[in-house]
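Undergrad: To start, I am sharing the structure in question, which I have written as structure tokens.
The values are calculated or read from the model by the stated rules, or taken from the named source; none is laboratory data. Keep in mind that this is a model prediction, so the values were computed, not measured. Note that we place each Cβ from the backbone using ideal geometry, even for glycine, and neighbour counts take in every protein chain shown. Remember, those area values only see protein heavy atoms, side chains included, never the ligands or the DNA or RNA. Shrake-Rupley method; radii C 1.70, N 1.55, O 1.52, S 1.80 Å.
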Amino acid sequence: LEASHKPTRLVVMVQREVAKEMPALPGKMGILLVATQVYGRPRIVASVPPKAFRPAPKVRSAVVRIDVYDKPAVSFDSAEGFFRVVKAGFSAPRKQLRNCMRQALGLSSDEVERLLGQAGIDPVRRPQTVAIPEWGQIYEAYRASTVSPLGRPS
């Protein structure tokens, strides 16, 4: 999805529990969901029972169609940098953002509070409640900060 000649549509089969979460809204977000929704709009198009396979697995599958956006849903200059911030946010999904970001990015509590404040994000929120555009705001604040290696001139 980050290639210069990306597809317009992807059709994949995954475990049904994963498929059900792919089009999730904030409150149930996860890193896979953020990555999927940044690049396209997922929707479940079919359910596949275990008897469709030999041997039959113990789980159900689902076919997911992802209509790929012309450009990502979030503006970023570096997919690697953006996903570094997202991964930091989800490094401990049950913790508050301020704790996840502090530990995963090696920042002080004050730096994280300032960073999330600049992004307009309450530091006590959990990562699964952060919407796609808000991840973009966090990334932009991180990139522009003096603590970010992304914002420093090379």
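Undergrad: Report the residue count in the range 27-48 for those that are outside any strand (DSSP E or B) and surrounded by 15 or more Cβ atoms within 10 Å (Cβ to Cβ).
TA: Within the range 27-48, the first condition is being outside any strand (DSSP E or B), and the residues that meet it are 27-39.
Now narrow it down to the ones that are surrounded by 15 or more Cβ atoms within 10 Å (Cβ to Cβ): 29-31, 33-39.
Within the range 27-48, residues that are outside any strand (DSSP E or B) and surrounded by 15 or more Cβ atoms within 10 Å (Cβ to Cβ) number 10.
Undergrad: Return the residue satisfying two criteria in turn: it lies in the range 66-91 and is part of a helix (DSSP H, G or I) and among the charged types (D, E, K, R), and of such residues it is nearest to VAL124 (Cα to Cα).
TA: So the residue we want is LYS87.
Undergrad: I'd like the full set of residues that are open to solvent by less than 50 Å² (accessible area, probe 1.4 Å) and at pLDDT below 90, limited to the range 1-26.
TA: Answer for the range 1-26, where residues must be open to solvent by less than 50 Å² (accessible area, probe 1.4 Å) and at pLDDT below 90: MET22, ALA24.
Undergrad: If you don't mind, another one. Taking only the range 112-144 into account, find how many residues are in a helix (DSSP H, G or I), farther than 17 Å from ARG84 by Cα and touching a residue at least 12 places away in the same chain (Cβ under 8 Å). Steps first, please.
TA: Going residue by residue through the range 112-144, those that are in a helix (DSSP H, G or I) are 112-119, 127-129, 132-144.
The next check asks that each one be farther than 17 Å from ARG84 by Cα; those that pass are 113-114, 117-118, 129.
Add one more test, that the residue is touching a residue at least 12 places away in the same chain (Cβ under 8 Å), and what stays is 113-114, 118, 129.
Total meeting the criteria: 4.
Undergrad: Kindly indicate which of ALA88, ALA35, ALA79 is under 28 Å from LEU115 (Cβ atoms), touching a Cys at 6+ places or on another chain (Cβ under 8 Å) and of a type in the set (A, V, I, L, M). Let's see the steps before the verdict.
TA: Numbers: ALA35 fails: touching a Cys at 6+ places or on another chain (Cβ under 8 Å); ALA79 fails: touching a Cys at 6+ places or on another chain (Cβ under 8 Å).
Just one listed residue meets the conditions, ALA88.
Undergrad: Could you count how many residues in the range 103-116 are surrounded by fewer than 18 Cβ atoms within 10 Å (Cβ to Cβ) and at pLDDT 95 or above?
TA: Within the range 103-116, residues that are surrounded by fewer than 18 Cβ atoms within 10 Å (Cβ to Cβ) and at pLDDT 95 or above number 0.
Undergrad: Within the range 72-90, does at least one residue satisfy the condition of being among the polar types (S, T, N, Q) and over 23 Å from SER4 (Cα atoms)? Walk me through it before giving the result.
TA: As a first pass, look at the range 72-90 and keep what is among the polar types (S, T, N, Q): 75, 78.
From what's left, over 23 Å from SER4 (Cα atoms): none.
No, the conditions are met nowhere in the range 72-90.
Undergrad: Criterion first (within 21 Å of the chain's Cα centre (by Cα), small (Gly, Ala, Ser) and modelled with pLDDT under 90) does SER75 satisfy it? Don't jump to the end; show me each part of the working.
TA: Working: within 21 Å of the chain's Cα centre (by Cα): yes; small (Gly, Ala, Ser): yes; modelled with pLDDT under 90: no.
Spelling it out, it is not the case that SER75 is within 21 Å of the chain's Cα centre (by Cα), small (Gly, Ala, Ser) and modelled with pLDDT under 90.
Undergrad: For the range 14-26, how many residues are more than 16 Å from the chain's Cα centre (by Cα) and either farther than 21 Å from ARG94 by Cβ or assigned to a strand (DSSP E or B) (or both)?
TA: Applying the first criterion (more than 16 Å from the chain's Cα centre (by Cα)) to the range 14-26 yields 14-17.
Of the ones still in play, those that are also either farther than 21 Å from ARG94 by Cβ or assigned to a strand (DSSP E or B) (or both) are 14-16.
So the count comes out to 3.
Undergrad: Would you say ALA62 is modelled with pLDDT of 90 or more, buried (at least 17 other Cβ atoms within 10 Å of the Cβ) and part of a helix (DSSP H, G or I)? Step through it out loud before you land on a result.
TA: Details: modelled with pLDDT of 90 or more: yes; buried (at least 17 other Cβ atoms within 10 Å of the Cβ): yes; part of a helix (DSSP H, G or I): no.
Criteria not met by ALA62.
Undergrad: Right, another one. Taking the condition of being within 16 Å of the chain's Cα centre (by Cα) and surrounded by 21 or more Cβ atoms within 10 Å (Cβ to Cβ), how many residues in the range 91-102 meet it?
TA: 3
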